[in-house]
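No lab work stands behind these numbers, since they all come straight from the coordinates. Everything quoted here is computed from the prediction, not taken from an experiment. No Cβ is skipped: glycine too gets one built from the backbone with ideal geometry, and neighbour counts run over all protein chains shown.
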Amino acid sequence: MDRTGEKIAAVVLAAVLLGTLFMGTVLPYQAVRRQRDSAPVSGSVPQGPFVALTFDDGPRTETTVRLLDGLAQRGVHATFFVLGVQVEGREDIIRRMDAEGHQIGLHTAHHAKLTGLTAEGFYEEVDSLRTTLMDILGERHFMLRPPYGMVNPSVQQWAGAPIILWSVDPQDWSDRDSARQAEHLVSRARDGDILLLHDIYDSSVDAALETVDRLREQGFWFVTVEELFALRGIKPEDGTIYRCLPPGNA
Ligand SMILES: [Zn+2]
């Protein structure tokens, strides 16, 4: 390589490094800002309140696709903690989630209670899904939501991922009243909350979309869990349990 070539290589490398750095800090804001292209907030970075809508146990074709359509119409990103058994045959839905800016996380292969497993059983449940998702999406670091929110020191030690629980739970699996669920979410949501729903029920899809519409009217911004970490300036740590990310805890 001659000196001009070296210079060009150095400039390209610097640009790539800067770009990586820049993406890490700025992408979440851009993602958030896209939500309100029709009504920009005086051109500045939004200050919140932020909430992360999360969905467990999917994907389920009938309900998840309708949810994705509804979120796309609203320009809102969510986080999906998926099950290995549900992903099989629905790889296109996982690719769509990713392409549309949603975050995808681990909810085990078969909805196992992780606290009752040996290390070997744990890796079968978690690593098999991690491998499946990497086959579909490429190499990346996935967050983990343990089924039933059941965690113990072994789960924390073996997770190899930040453990994401939740702070607002309308128990959408117990009764299928979407109006009650939306009221529960809207009345309780605070800045930094992680909201729990399941994208396998029609009522939960209705509740989610109503919640998005009502909370956005109140000035809330919907972000993925990863975006919420970035907005709070907190680095997610493997094995650490997070239930919410309120402001001022960085
Ligand atoms: Zn679950």
Residue-by-residue Karplus 3J(HN,Hα) for the range 237-244, coefficients 6.51, -1.76, 1.60, Hz, glycine and proline x: 10, 4, x, 8, 8, 10, 9, 6
Bins of 10 Å, starting at 0 and running to the largest distance - Cα pair percent for the range 160-250: 16, 46, 30, 8
For the range 78-169, alpha-carbon Rg relative to the globular expectation (2.2 N^0.38 Å, N residues): 1.03
Sparsely packed trypsin sites (Lys or Arg not before Pro) within the range 67-100, loop by DSSP, other Cβ within 10 Å at most 13: none
GluC sites (Glu not before Pro) restricted to the range 90-191 and DSSP loop, no more than 15 other C-beta within 10 Å: 100, 139
Exposure proxy ranking, count of Cβ atoms within 10 Å, fewest first, for 154, 187, 203: 187, 154, 203
Sorted by Cβ neighbour density within 10 Å, fewest at the top, the residues 113, 235: 235, 113
P(r) histogram, all alpha-carbon pairs of the range 118-181 included - 5 Å bins from 0, percent: 4, 14, 22, 19, 13, 14, 10, 5, 0
Sorted by Cβ density within 10 Å, fewest first, the residues 206, 69, 56: 69, 206, 56
Over the range 50-242, volume per residue of the alpha carbon convex hull, in Å³: 105
